[in-house]
1. Mind checking the log10 I(q)/I(0) for region 38-77 at q = 0.17, 0.19, 0.28, 0.35 Å⁻¹? Debye, one equal scatterer per Cα, no solvent, two decimals.
2. Ignoring everything except DSSP H segments at least 4 long, calculate the 222 nm mean residue ellipticity for the chain; use -39,500 (n - 2.57) per segment, divide by total residues, nearest 500.
3. Under 10 Å, Cα contacts only: if you run a Gaussian network model on the chain, which one of 76, 85, 50 comes out with the highest mean-square fluctuation?
4. With contacts defined as alpha carbon pairs under 8 Å and 6 or more residues apart, what's the relative contact order of the chain in percent?
5. If you build a Gaussian network model of the chain, linking Cα atoms that sit under 10 Å apart, which residue out of 24, 69, 59 swings the most?
6. Quote to one decimal, in nm, the extra length available between residue 50 and residue 30 on full extension: 0.36 nm per residue of separation minus the C-alpha distance between them.
7. Alpha carbons only, please: Rg and Dmax for the chain, in angstrom.
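Values quoted throughout were computed directly from the atomic coordinates according to the rules given, and no laboratory measurement underlies them. For clarity, every value in this text was computed on a predicted model and none was experimentally measured.
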């Protein structure tokens, strides 16, 4: 309620501006950190399963690093072993009467 009343005033003095901005300045770095964790952890597991170093997931920290990592994962040869081939065996014949 106090926030709405401050915004409805015609002018804001320095003290009111500080009251508005201090919570935002504490929340923004926390939100950035949570967002990075949400992005880096899945890329860590993807890189590990693809046979790359999981440390490549830290490319998400730099600008356009996410795009570079996606291109590396999309066009590189993944070092995984193929799953074993499944052989279909026909069912046994019915018993003779």
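1. The Cα Debye sum returns log10 ratios of -0.35, -0.44, -0.95, -1.31.
2. Roughly -19500 deg cm²/dmol at 222 nm, from the helical runs in the chain.
3. Sorting by GNM fluctuation, first place goes to 85.
4. Working: 42 pairs, mean separation 16.1, N = 97.
Once normalised by length, the contact order is 17 percent.
5. 24
6. Numbers: separation 20, 0.36 × 20 = 7.20 nm, distance 3.04 nm.
That works out to 4.2 nm of additional length.
7. For the chain, the Cα-based Rg and Dmax read 27.8, 100 Å.
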